């Protein structure tokens, strides 16, 4: 028997833990000045991070559904992540509202992943060429956990310095 179903459960648990950690960090900030701070000179503030996380989990959910159902994964905009974050105006938006938006998107994504069967063919089905080709649900799951952890670290750096 393959250990992959167990590894996937661990990855989904890591996603849930990242979500709880980010929620706790952001919701316990008591100094409003922290929300204006950036991760480095041109880095993002907490609102931009949360908006980006919400966008990413919404995209990942749509992509997971398309892969699982045999459809075409959604196309990217062709813009850089920084361009999309700036265009959305997340820097000026309320971090608590963006946190809730992300929590909703993240919960829906995690719930969907958890509902998928432990079918190796499904989890290893490659995306189409326009989607980077060869990028599987297993790949996306690992990327998702790392992605959230990377932004969790970014938030910790903002709070800490």
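Quick notes on this one:
- Lone qualifier among 30, 57, 16, 42 - being surrounded by fewer than 19 Cβ atoms within 10 Å (Cβ to Cβ) and part of a helix (DSSP H, G or I): 16
- If you go through the range 106-122 and pick out every residue that is touching a helix residue (DSSP H, G or I) at 6+ places or on another chain (Cβ under 8 Å) and modelled with pLDDT of 95 or more, you end up with 9.
- Listing of helices (runs of 4 or more DSSP H) fully contained in the range 78-161 that carry 3 or more residues being loosely packed, with under 12 Cβ neighbours inside 10 Å and more than 18 Å from the chain's Cα centre (by Cα): none
- Only one of 29, 12, 22 that is farther than 29 Å from residue 139 by Cα and either in contact (Cβ under 8 Å) with a residue 40 or more places away in the chain or touching a helix residue (DSSP H, G or I) at 6+ places or on another chain (Cβ under 7 Å) (or both): 29
- Residues within the range 68-77 that are surrounded by 16 or more Cβ atoms within 10 Å (Cβ to Cβ) and either assigned to a helix (DSSP H, G or I) or out of contact with any helix residue (DSSP H, G or I) (no Cβ under 8 Å at 6 or more places or on another chain) (or both), tallied: 1
- Residue check for residue 10: crowded, with 17+ Cβ neighbours inside 10 Å and either modelled with pLDDT under 95 or more than 14 Å from the chain's Cα centre (by Cα) (or both): no
- Applying the set (1) at pLDDT 95 or above; (2) touching a helix residue (DSSP H, G or I) at 6+ places or on another chain (Cβ under 7 Å); (3) more than 20 Å from residue 116 (Cα to Cα) to residue 39 leaves exactly one unmet item: (1).
The values are calculated or read from the model by the stated rules, or taken from the named source; none is laboratory data. For clarity, every value in this text was computed on a predicted model and none was experimentally measured. Glycine gets a Cβ as well: all are built from the backbone with ideal geometry, and neighbour counts include every protein chain shown.
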